[in-house]
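These notes are about the structure you will find just below.
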Amino acid sequence: MSLSITDEHPHDTAEFRKILSPIASKSKIVYGDGAYDSRSNFNFLHSGGIDAVILLRENSSTLSRGSPYRAKIVRRIRNIGRDQWKREVNYPKCKWQLNIPKNGKIKFPTCI
């Protein structure tokens, strides 16, 4: 597990490689919400042999436009439907945001 604590300014994609680089060689699959949907993130994962389970935007293009791996996933989602894809890849129903309350006790994200 790897995490980065920031204020609200950095975009998730900007933190993606920084978070994954230390553990990429040990990772087989990465789950992420739509904030991680970028060609560069998909290319980074694919180049490391890591499966990407990232929720894609609903209007995603099936053309590769620089990421054949992402386009392949888009086509799969279009073929079987978004809900079926989520079941197929075990896309979790998670609260992705890490909130640190005023008492300072960290509550890590949980999946339901």
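Brief remarks on what is shown
- With the simple spin-label model, which puts each label point 7 Å out from Cα in the Cβ direction, the I23 to R57 separation comes to 2.8 nm.
- Hz values of 3J(HN,Hα) by residue in the range 22-37 - Karplus curve (6.51, -1.76, 1.60), Gly and Pro given as x: x, 10, 4, 5, 9, 9, 10, 8, 10, 9, x, 7, x, 5, 9, 6
- Karplus 3J(HN,Hα) series, Hz, for the range 42-57 with 6.51 cos²θ - 1.76 cosθ + 1.60 (x for Gly, Pro): 5, 5, 4, 5, 4, 5, x, x, 9, 6, 9, 10, 10, 5, 7, 4
- Built amide H within the under 5 Å cut-off of I54, gap 5+: G32
Bear in mind that the values in this text are calculations on the coordinates, not laboratory data. Small disclaimer: the values here were computed from a predicted structure and weren't measured. Note that we place each Cβ from the backbone using ideal geometry, even for glycine, and neighbour counts take in every protein chain shown.
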